[in-house]
Amino acid sequence: MTNRVHIDAPAGVIEIEGEKDFVEGLLAKLFPLIEEVGFGSRPVQNEEAQSVQGETNSNLDDEASEDSGSGTKSKVKRKRSVAPKGHTCADRILSLKEEGFFKSKRGGSDIVIGLAEKGFTHKSNQVAAAGESLFKRGLLQRTKDGSGPFKYYWDRD
């Protein structure tokens, strides 16, 4: 007989099949965890609880796979954080544009310095990514002189 463990955390279901020693041993390990986290007694409401249960499920599946030869690991989805409106590098570059900063052609390092003068710390790779995005959206113009880096400007009003 093969040993099998199935844990459905959102539904609060744990199924254990196999030899008596395997089931009893796994239950002895699981009961303290189940009681501590209140498994199945309430829906998961935050990401931290999901990651804890996901790790518990992965560890238990790994233990079961040693005995049965099959098991899957669940991936923990991470929520991407979004900066508040007006606080992104692109938004801050647009504020420089409104002040006339781009009346002359400016390179990435010039933009980093201009942002620093306003109290904003951004790296050159952030400025380059934001500059490309603004160019693609038609909010900044850019040119390339020879083999050097892009120069950003705005001569439309």
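What number of residues within region 136-152 are in contact with a Lys or Arg (Cβ under 6 Å, 6 or more places away or on another chain) and among the charged types (D, E, K, R)?
First pass over region 136-152, keeping only residues in contact with a Lys or Arg (Cβ under 6 Å, 6 or more places away or on another chain): 143, 150-152.
Now drop any that are not among the charged types (D, E, K, R), which leaves 151.
Result for region 136-152: 1.
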Taking first residues from region 2-16 that are over 16 Å from LEU33 (Cα atoms) and second residues anywhere that are open to solvent by 60 Å² or more (accessible area, probe 1.4 Å) and in a loop (DSSP other than H, G, I, E, B), the pairs with Cβ under 9 Å that are 6 or more apart or on different chains are THR2/GLY69; THR2/SER70; ASN3/GLU19; ARG4/SER70
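Being more than 30 Å from VAL5 (Cβ to Cβ), modelled with pLDDT under 85, of a type in the set (Gly, Ala, Ser) and under 25 Å from the mean Cα position of the chain (by Cα), is that true of even one residue in region 82-105?
Taking region 82-105 first, the residues more than 30 Å from VAL5 (Cβ to Cβ) are 82-105.
Then keep just the ones that are modelled with pLDDT under 85; that gives 82-87.
Among the residues that remain, those that are also of a type in the set (Gly, Ala, Ser) are: 83, 86.
So of that shortlist, the ones also under 25 Å from the mean Cα position of the chain (by Cα) come out as 83, 86.
Checked region 82-105: at least one residue is more than 30 Å from VAL5 (Cβ to Cβ), modelled with pLDDT under 85, of a type in the set (Gly, Ala, Ser) and under 25 Å from the mean Cα position of the chain (by Cα).
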Any residue at all in region 125-134 that's β-branched (Val, Ile, Thr), assigned to a strand (DSSP E or B) and free of Cβ contacts under 8 Å to residues at least 40 places away in the same chain? no
Looking at region 105-124 only, could you name the residues that are part of a loop (DSSP other than H, G, I, E, B) and either farther than 11 Å from ILE93 by Cα or charged (D, E, K, R) (or both)? LYS105, GLY107, LYS118, GLY119, THR121, LYS123
Going through region 106-128 in order, the residues found to be more than 26 Å from the chain's Cα centre (by Cα), among the β-branched types (Val, Ile, Thr) and open to solvent by 50 Å² or more (accessible area, probe 1.4 Å) are ILE113
Filter region 143-157 for residues that are open to solvent by 50 Å² or more (accessible area, probe 1.4 Å) and closer than 15 Å to SER109 by Cα; the one that is farthest from the chain's Cα centre (by Cα) is LYS144
In region 91-105, the residues that are charged (D, E, K, R), more than 10 Å from TYR153 (Cα to Cα) and surrounded by 12 or more Cβ atoms within 10 Å (Cβ to Cβ): ASP91, ARG92
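The values are calculated or read from the model by the stated rules, or taken from the named source; none is laboratory data. Small disclaimer: the values here were computed from a predicted structure and weren't measured. Cβ coordinates were reconstructed from backbone atoms using ideal geometry, including for glycine residues, and neighbour counts include every protein chain displayed. For the accessible areas, the whole protein counts, side chains as well, though only heavy atoms, and no ligand, DNA or RNA atoms are used. Shrake-Rupley method; radii C 1.70, N 1.55, O 1.52, S 1.80 Å.
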